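Everything on this sheet refers to the single structure shown next.
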Amino acid sequence: MSVNKIIKRVTTSLIKEMKGRGEKISMLTAYDYSMARALDEAGIDIILVGDSAANVFAGYETTLPITLDHMIYHTASVVRGATRALVLADLPFGEYQGSVEKAYEAAVRMMKETGAHALKLEGGVEIIDNIKKIIHAGIPVCGHLGLTPQAINQFGNFGVRAKEEAEAEKLKSDALALQEAGCFAIVLEKIPAKLAEEVSKSLSIPTVGIGAGNGCDGQVLVVNDMLGMTKDFKPKFLRQYANLYEQITTAASQYIADVKSSEYPNENEQY
Ligand code: KIV
């Protein structure tokens, strides 16, 4: 008799409940099947298929060049690797900031062609009608405020946002608007810890921070950064849990040496 292992999927309702019981939410990015499997087995709550794939996968300086087709490819790969985690996917730049119809169509394509469970959109009141349309279609949406990388050309740099009163006030009203629109969570990126804590306490939906301090309801990091795969990227907020860049170059150097010296493959490694 085979025993079917029943794995309960993390849902957006569960994510909201976690805030209620004070349980922190863990989120990491992934862009491919193998990484998704490993993170899922580790017990991550949310896998974010971030448009940071443009940076860490494709080597672009910003997230702007990644397309909807690229994001669909990455997201479908991650979905195939995740049996428990909620898979959250970024809608890429240019697909949702214009008309409500275009945003809706991009969102529907993402959901239909990938099997993702929810979508993340950057911005506040400016895109609130587009967010409402997507939510009304039955698609859970996570907001993203603070340093929203798709707006990097407006910001001019990747520094901390909302340090000044006016921007902090706008962020607070954007967060409330996203909650009222029906978002199930909000990512807060690179803002002062005090502001992130105040926003988190003012909302009934959870916040997930990156470079936003410990007062958020959860934390997210780009997986390549926390595994030490992105050489020379060490912002203050980043904790590196491994040094895979060094391990990969050491392993590859050893392999090269073994091939060159005919040490690989040996008798046990052939047919
Ligand atoms: O694209 C991404 O990886 C993100 C995280 C930085 C939150 O949006």
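The values are calculated or read from the model by the stated rules, or taken from the named source; none is laboratory data. Being a predicted model, the structure only gives us computed values, none of them experimental. Every residue, glycine among them, receives a Cβ derived from its backbone with ideal geometry; neighbour counts consider all protein chains shown. Note: accessible area is taken over every heavy atom of the protein model, side chains too, but ligands, DNA and RNA are not part of it. Shrake-Rupley method; radii C 1.70, N 1.55, O 1.52, S 1.80 Å.
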- Message: Expected output is a single nm value to one decimal: the length gained when fully extending between GLU165 and LEU64, i.e. 0.36 nm times separation in residues minus the C-alpha distance. What is it?
- Response: 33.5 nm
- Query: In terms of solvent-accessible area of protein heavy atoms at a 1.4 angstrom probe, what is the ranking of TYR245, TYR31, highest value first?
  - Reply: TYR245, TYR31
- Query: With no solvent and one point per C-alpha, what does the Debye sum give as log10 I(q)/I(0) for region 173-271 at q = 0.11, 0.16, 0.17 Å⁻¹?
  - Reply: -0.52, -0.75, -0.80
- Can you give the extra length, in nm with one decimal, that the chain gains between ASP129 and ASN268 once fully stretched, where that is 0.36 nm per residue apart less the Cα-Cα distance? 43.7 nm
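At 0.36 nm per residue, and after removing the present C-alpha to C-alpha distance, how many nm does the segment from GLU180 to LYS194 gain when stretched out fully?
On the way: separation 14, 0.36 × 14 = 5.04 nm, distance 2.27 nm.
Contour length minus Cα-Cα distance gives 2.8 nm.
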- Note on the structure: The alpha-carbon pair-distance distribution computed for the chain, with 5 angstrom bins and whole-percent values, is 1, 6, 12, 16, 18, 17, 12, 7, 4, 3, 2, 2, 1, 0
- Give me the accessible area per residue for region 125-271, probe 1.4 Å, as a whole number in Å². 57
- Computed D for region 81-122, Stokes-Einstein, Kirkwood radius over alpha-carbon pairs, 4 °C, 1.567 mPa s, to the nearest µm² per second, is 120
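Could you give the Stokes-Einstein D for region 1-151 in µm² per second, using the C-alpha Kirkwood radius, 25 °C, 0.890 mPa s? Write down the numbers at each step before the final one.
Working: Rh = 15.8 Å.
Once the numbers are plugged in, D ends up at 155 µm²/s.
Take the Cα pairs of region 1-79, get the Kirkwood Rh, then feed it into Stokes-Einstein at 4 °C and 1.567 mPa s and tell me D in µm²/s.
Values: Rh = 14.3 Å.
Roughly 90 µm²/s, to the nearest whole number.
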- Item | Inter-centroid distance (Cα atoms) of region 102-165 relative to region 233-258, Å | 32
- Query: Roughly how many percent of the accessible protein surface of the chain is carbon and sulfur, given a 1.4 Å probe and a whole-percent answer?
  - Reply: 52
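Sorting check: for 215-223, 64-72, 46-54, which peptide has the highest mean count of neighbouring beta carbons within 10 Å, and how do the rest follow? Before the final figure, lay out the partial values.
Working: 215-223: 22.1, 64-72: 18.0, 46-54: 27.1.
Top to bottom by mean Cβ count within 10 Å: 46-54, 215-223, 64-72.
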- Task: Starting from the Cα of LYS231, step 7 Å along the direction of its Cβ; do the same at VAL100; then give the gap between the two resulting points in nm.
- Result: 5.0
